[in-house]
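Below is one structure, written out as structure tokens; comments come after it.
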Amino acid sequence: MNIKAVRGTKDILFKDSEKFNNIVNVASEVFENYGYGRIITPIFEETALFKRGIGEGTDIVEKEMYTFEDKGGRSVTLRPEGTASVVRSYLEHKIGKQEEFSKFYYFGPMFRYERPQAGRYREFNQLGVEAFGSSEAVLDAEVISLGYGLLEKIGIEELEVQINSVGGKESRIAYREKLVDYLSDKVELLCEDCKTRYEKNPLRVLDCKVKSCQEATKDAPVLTENLSEEETAHYEEVKKYLDAFDVKYTENPKLVRGLDYYSKTVFEIVTNKLGAQGTVLAGGRYDGLVETMGGKATPGVGFAAGVERIMLLLDQDKLTKKAPVAIVWLGEESKEFSFKLAERLRKDGVKINIELKSKSMRAQMKKIDKLGAKYAIIIGEDEMKNNQVQLKNLKERTQTVYSIEDVVAIWKGE
Ligand code: HAM
């Protein structure tokens, strides 16, 4: 068989799957601490949901969706992101009628037909949050702080928080006109993609990474100078709370994001360690989205982070909470005794490696060295008779005798 994983998809295994689990575990803990509850939505939805939610003129909807007809003739799409699905679920279950304010978090695979490269895949995983029902600026700042704190807790360093405000619908329409006017004599300088964007979605020309486009927008009118009074005040308040929460940020007046639903605050947490795929976490406010999807006007704000990008940045050691332990048993007689101890310690939450077949001390020590164990519990005939073990600290090369009860208590943290 010579079938390989489809281009842009990959297996996550061994050390990477451990990393993956650790990230998801830390994220759920942090999300729960902030009062978010988990939501699990289907991996595919009606195509119309994403068209309407994300916007017809966006790259995602125009070029990147995995859309197909199912056997019943319905057009369905593998979700390219999580927000539209969470809004659909929020409306379908009439959650807004049951509670004024709701907060959700999610994990899961997303699908976009993009050109694969390091940090960019066709199937990738996101973890994200969405909060509905409040337009308070303090919530925007709290969500940004949550995202930044989460990445910090996972162990990622040297990140930059970039923020901007794209205003509401009206100021964006007015700004769009000004921008089109400004760009009208510069269209020739734009890259091929931006020539199309100029027609369909001119704001996206602002954050194009191509040099000639950046040059062309150098003196473009500034979004935040074209906001209403209320929008400006909201943005100022977001910044005030970010200062209060000690979150360092940079204002990036050209940050506009690639999805149509944003209003007011937008933000990205970026690194310079991943080349062109430097955005690790991104989001913003989307006060008009619930209404666009057919609900009562309900403000919302959230973000999503790319798990694979986090993994690329992660130093594995930072997430190893408990030192792994290996049980080394010598001679067939001590097998049952050793496996019973392994079971007992595992039930207490200790990560144990143990050899299945009788092997020499040397062979076992060599193997556990490879596994990166920090301690070895050594059990031979004598230890078994005395209900004891030899505990070896592999780094410091010390060895001490303990009773079984004591060794269990050590790992229970007693
Ligand atoms: P997004 O910027 O499209 O936003 O994606 C969020 C994050 O997902 C990116 O910053 C990146 O880390 C990761 N990501 C996106 N595409 C790929 C890819 N092809 N391969 C690997 N990672 C990728 C959204 O999806 C919005 N739903 C975020 C949001 C939630 N806004 C409000 N609430």
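The values are calculated or read from the model by the stated rules, or taken from the named source; none is laboratory data. If you're wondering where the values come from, they're calculated on a predicted model, not measured in any experiment. Using ideal geometry, Cβ is built from the backbone for each residue, glycine included, and neighbour counts are taken over all protein chains shown.
When you scan segment 9-48, how many residues do you find that are of a type outside the set (Lys, Arg), under 20 Å from Leu127 (Cα atoms) and assigned to a helix (DSSP H, G or I)? Working first, answer last.
Looking only at segment 9-48, we keep the residues that are of a type outside the set (Lys, Arg), and these are 9, 11-14, 16-18, 20-37, 39-48.
Next, from what is left, pick out any that are under 20 Å from Leu127 (Cα atoms): 9, 11-13, 16-18, 20-37, 39-45.
This time we only want the ones that are assigned to a helix (DSSP H, G or I), so: 16-18, 20-33.
Total satisfying the criteria: 17.
Taking segment 246-270 as the search range and keeping residues that are of a type in the set (D, E, K, R) and near the ligand (Cβ under 9 Å from one of its atoms), which one is farthest from Leu312 (Cα to Cα)?
So in segment 246-270, the residues of a type in the set (D, E, K, R) come out as 246, 248, 251, 254, 257, 260, 264, 268.
Now restrict to residues that are near the ligand (Cβ under 9 Å from one of its atoms): 257, 268.
Numbers: Arg257: 22, Glu268: 17 Å.
Filtering first and then ranking leaves Arg257.
If Gly278 passes every condition in (1) within 11 Å of the ligand (Cβ to nearest atom); (2) within 19 Å of Val143 (Cβ to Cβ); (3) small (Gly, Ala, Ser) but one, which one does it miss? All conditions pass for Gly278, except number (2). Among the criteria (1) surrounded by fewer than 18 Cβ atoms within 10 Å (Cβ to Cβ); (2) within 20 Å of Val408 (Cα to Cα); (3) touching a strand residue (DSSP E or B) at 6+ places or on another chain (Cβ under 7 Å), the one Ala376 does not fulfil is (1). Taking the criterion of being at pLDDT below 95 and closer than 24 Å to Asn125 by Cα, the residues of segment 240-270 that qualify are Val256, Arg257, Gly258, Leu259, Asp260. Filtered by the rule that a residue be among the acidic types (Asp, Glu), in contact (Cβ under 8 Å) with a residue 24 or more places away in the chain and more than 9 Å from the ligand (Cβ to nearest atom), segment 118-141 gives a lone residue, Asp140. Of the residues examined, Arg52 is not one that is touching a Ser or Thr at 6+ places or on another chain (Cβ under 6 Å) and either of a type in the set (Lys, Arg) or under 24 Å from Ile144 (Cα atoms) (or both). Residues in segment 187-220 that are buried (at least 16 other Cβ atoms within 10 Å of the Cβ) and not in a helix (DSSP H, G or I): Leu190, Cys191, Asn201, Leu206, Asp207, Cys208, Thr217, Ala220. If you check Lys340 against the conditions, is it away from the ligand (no atom under 16 Å from the Cβ), modelled with pLDDT of 90 or more and basic (Lys, Arg)? It is true that Lys340 is away from the ligand (no atom under 16 Å from the Cβ), modelled with pLDDT of 90 or more and basic (Lys, Arg). Restricting the first member to segment 19-45 and to residues that are among the basic types (Lys, Arg), and the second to residues that are assigned to a helix (DSSP H, G or I), the beta-carbon pairs closer than 9 Å and six or more apart or on different chains are Lys19/Ile310; Lys19/Met311; Lys19/Gln316; Lys19/Leu319; Arg38/Ser28; Arg38/Phe31; Arg38/Glu32. The set of residues from segment 11-40 being of a type outside the set (A, V, I, L, M, F, W, C) and buried (at least 16 other Cβ atoms within 10 Å of the Cβ) comprises Lys19, Asn22, Tyr34, Tyr36. Among the criteria (1) on the phi > 0 side of the Ramachandran plot; (2) surrounded by 14 or more Cβ atoms within 10 Å (Cβ to Cβ); (3) not hydrophobic (A, V, I, L, M, F, W, C), the one Thr47 does not fulfil is (1). So, in segment 67-117, of the ones that are within 10 Å of the ligand (Cβ to nearest atom) and among the aliphatic types (A, V, I, L, M), which residue ends up farthest from Leu274 (Cα to Cα)? Once the filter is applied, the top-ranked residue is Val87.
Every residue in segment 278-292 that is more than 19 Å from Ser165 (Cα to Cα) and buried (at least 18 other Cβ atoms within 10 Å of the Cβ), please.
Val280, Val290
Restricting attention to helices (runs of 4 or more DSSP H) lying wholly within segment 70-172, give those where 1 or more residues are within 23 Å of the chain's Cα centre (by Cα) and loosely packed, with under 15 Cβ neighbours inside 10 Å. So the answer is 137-154.
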